[in-house]
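A.B. asks: Here it is: the structure, laid out below.
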Amino acid sequence: MNKNMRIRYKITLAVGIAVTTVLVAMAVFFTYFQEQSVLKQNERTMEKLTESVAQGLQAVMLAGSADIAESYADRLKKVTDILDFRILRINGDEAFRDNKTIEDVNRRRGDETFAPRDSEMHVPVLPANDPSLLASVSEGRTIAVYEPGQDGHRNLTFLAPIKYADACSKCHGASGKVRGVIKLTTSLAAVERDIYEVRQYAIGGLALALAATMLLTGYMLGRTVVEPLEKVTNAMARVSGGDLNHQVPIHSRDELGNMASSFNRMTSELKTTYDGLRREQDKLTTIIHGAGEGIIVTDNTGEIVLVNPAAERLLEKSASQIATDGFRQILDNEEQMREWLSEGGSREPITTTYKDRVLQVFASTILGNDHNVVGSAALLRDITEEKRLEDELRRLSTTDGLTGLFNRRHLDNTLDTEYNRAARTGTSLAVVMFDIDHFKKFNDTHGHDQGDRVLQAVAHNFRDALRKYDLACRYGGEEFVGILPNTTLDGAYSVAERLRSDIEASEVDGLKVTISLGVAAFPQLAVVSPEGLIEAADAALYRSKAQGRNRTTRAEPPPAGSGPDQAGGTPDADTTQL
């Protein structure tokens, strides 16, 4: 059955096949029994005819007119529709063709009652062992035999026994129950014509009944079944096309009416669900498209299915370009993205720089309940400004606002770290400490603004005099400290002298400025804490001031009997006068 055929034609065809099968079976059944009835009727008629002939022949024989029996048989052969008529002995030979029976009768009667024939013939018609002949003789009943004829029609042959009667004993004795057999053969051409007409009428009636049944069935099915089904089908098509407001009319309370009612209820519930999902989708779309974070989502095949405007702005790419490049190329670094998405990869946001932006990226492969890949998602957040503010905050928390040098807090933390590292590795750590000579005079004479400019100029020279991994700090007021990792006492002294000379040679708004310095180094000095190193450098600075300022003094080991952190000395010990 064609899958594209409409249900109307499918139902009509199915019903038509069923009805046709039933009607054909009924027609075959009716025709068969009609044919059998015609044949039986014909058999009965022919049987009566045969019996009449037998009785007539017997009457002739009993009347002693045996000589006319042959003439009687010959006349019957000329009857219409009788193809053959013969009177047979029980051995299958035709009677009345020789003198055998006449001689037997005359001998039994003792006279010549019947004159012998002038000419004799031996005419065998049926073999003596013919089953039908034997059955008719032995059972004493008429046997009907159907056989094909030369004209294409069947022939019907009756073998009717001529039964023995008491009156026959006078001539024939009491030799048996059956004296002979009448063989009557007739054509069934007329009967077959009648049967053919019956078949024609049956086929015609079948065609008319089938046509009427199909028309009536098609009409009734169309009105009661097909049309309601088509309405439901059309409604389903409209609903699948998005028209969830469509309802199927209900005209009955049968199964089709219940189906239409269930469909309408399902459509209503579906519309309610769809409206709810639509509202939620609108909310989600609003959130996604209004979000400041970039969102990129793929399906389980890896194809990008969602790119919000924020992602386009942050990546400076169109949504189509992002989809074309693929999920792993959203940051132009496939290897890095593959690592983030791999099993066991980081689940924490990754901070990376992309096109002058600092992005916080969260990328992950999403698995379903059955551990199959559902898709991948990436969340991009622009933290450029946050990073700048964080760096600025860090800078403000660790630097001096006036000079731009690191502040006291950062100095303490860094010195503690460097001291512990030097103590652990056995490397040198030096500290340079200085202050501005007669700084109070600058403030008192020229004002605090001038004093601030002096501090800024000295800080500038201080920063330039150190290496990039040294640390320049404002210790407080006009005091400064430099931390010099991997530097010996002599190395720190050289740095301090170069700084002192540079400041002495410069001017600030036409004013001359000098500084006094003290240097200390570990492990040359056996200090046991970072604070001890600062105190040693401060003691050396004190001696530089006591000996006339504008000079650098090395810290000395503490005298015997003093504490290990008392690194001061006499004012005139180990000084350099410039």
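A.B. asks: Do you know which residues across segment 134-150 are closer than 17 Å to residue 42 by Cβ and of a type in the set (Asp, Glu)? Don't jump to the end; show me each part of the working.
C.D. replies: Of segment 134-150, the ones closer than 17 Å to residue 42 by Cβ are 142-149.
Answer for segment 134-150, where residues must be closer than 17 Å to residue 42 by Cβ and of a type in the set (Asp, Glu): just 147.
A.B. asks: Evaluate the following for residue 327: is it aromatic (Phe, Trp, Tyr), in contact (Cβ under 8 Å) with a residue 12 or more places away in the chain and in contact with a Pro (Cβ under 6 Å, 6 or more places away or on another chain)?
C.D. replies: Details: aromatic (Phe, Trp, Tyr): yes; in contact (Cβ under 8 Å) with a residue 12 or more places away in the chain: yes; in contact with a Pro (Cβ under 6 Å, 6 or more places away or on another chain): no.
Criteria not met by residue 327.
A.B. asks: I'm told residue 532 meets every condition in (1) at pLDDT 90 or above; (2) farther than 26 Å from residue 424 by Cβ; (3) buried (at least 20 other Cβ atoms within 10 Å of the Cβ) except one. Can you identify the failing condition by its number?
C.D. replies: Among (1) at pLDDT 90 or above; (2) farther than 26 Å from residue 424 by Cβ; (3) buried (at least 20 other Cβ atoms within 10 Å of the Cβ), residue 532 violates only (2).
A.B. asks: Looking at 427, 414, which is the one that is surrounded by 13 or more Cβ atoms within 10 Å (Cβ to Cβ) and touching a strand residue (DSSP E or B) at 6+ places or on another chain (Cβ under 6 Å)? Walk me through how you get there before you give the answer.
C.D. replies: Working: 427 fails: touching a strand residue (DSSP E or B) at 6+ places or on another chain (Cβ under 6 Å).
Going through 427, 414 in turn, just one is surrounded by 13 or more Cβ atoms within 10 Å (Cβ to Cβ) and touching a strand residue (DSSP E or B) at 6+ places or on another chain (Cβ under 6 Å): 414.
A.B. asks: Further question on the same structure: Quick one: which of 392, 339, 418 is under 20 Å from residue 295 (Cα atoms) and either out of contact with any helix residue (DSSP H, G or I) (no Cβ under 6 Å at 6 or more places or on another chain) or modelled with pLDDT under 80 (or both)?
C.D. replies: On the way: 392 fails: under 20 Å from residue 295 (Cα atoms); 418 fails: under 20 Å from residue 295 (Cα atoms).
Just a single option satisfies the conditions, and that option is 339.
A.B. asks: Would you pick out the residues in segment 400-416 that are without any contact (Cβ under 8 Å) to a residue 60 or more places away in the chain and charged (D, E, K, R)?
C.D. replies: Within segment 400-416, the first condition is being without any contact (Cβ under 8 Å) to a residue 60 or more places away in the chain, and the residues that meet it are 401, 404, 409, 413.
If the condition is that a residue be without any contact (Cβ under 8 Å) to a residue 60 or more places away in the chain and charged (D, E, K, R), then 409 is the only one that fits.
A.B. asks: Restricting to segment 218-232, give me the number of residues that are hydroxyl-bearing (Ser, Thr, Tyr) and under 12 Å from residue 252 (Cα atoms). Let's see the steps before the verdict.
C.D. replies: First pass over segment 218-232, keeping only residues hydroxyl-bearing (Ser, Thr, Tyr): 219, 224.
Now drop any that are not under 12 Å from residue 252 (Cα atoms), which leaves 224.
Residues in segment 218-232 being hydroxyl-bearing (Ser, Thr, Tyr) and under 12 Å from residue 252 (Cα atoms): 1 in total.
A.B. asks: Among the numbered conditions (1) small (Gly, Ala, Ser); (2) crowded, with 18+ Cβ neighbours inside 10 Å; (3) closer than 20 Å to residue 398 by Cα, tell me where residue 518 comes up short.
C.D. replies: Here residue 518 meets the rest and fails (3).
A.B. asks: Which one of 221, 206, 184, 215 is buried (at least 17 other Cβ atoms within 10 Å of the Cβ) and closer than 16 Å to residue 10 by Cα?
C.D. replies: Working: 206 fails: closer than 16 Å to residue 10 by Cα; 184 fails: closer than 16 Å to residue 10 by Cα; 215 fails: buried (at least 17 other Cβ atoms within 10 Å of the Cβ).
Residue meeting the stated conditions: 221.
A.B. asks: Which of the residues that make up segment 535-569 are assigned to a loop (DSSP other than H, G, I, E, B), closer than 18 Å to residue 484 by Cβ and modelled with pLDDT of 90 or more?
C.D. replies: Selection gives 555 alone.
A.B. asks: Starting from segment 365-383, take each residue that is not assigned by TED's automatic domain parsing to the domain that holds residue 349 and list its partners that are outside any loop (DSSP other than H, G, I, E, B), counting only C-beta distances under 7 angstrom and pairs at least six apart or across chains.
C.D. replies: none
A.B. asks: Within segment 323-338, does at least one residue satisfy the condition of being of a type in the set (A, V, I, L, M) and surrounded by fewer than 14 Cβ atoms within 10 Å (Cβ to Cβ)? Don't jump to the end; show me each part of the working.
C.D. replies: Step one: list which residues in segment 323-338 are of a type in the set (A, V, I, L, M), which gives 323, 330-331, 337.
From the residues that got through so far, the ones that are surrounded by fewer than 14 Cβ atoms within 10 Å (Cβ to Cβ) too are none.
No: zero hits.
The values are calculated or read from the model by the stated rules, or taken from the named source; none is laboratory data. What you see is a predicted model, and the numbers here were worked out from it, not measured in a lab. For neighbour counting, all protein chains shown are included, and Cβ atoms are generated from backbone atoms with ideal geometry for every residue, glycine included.
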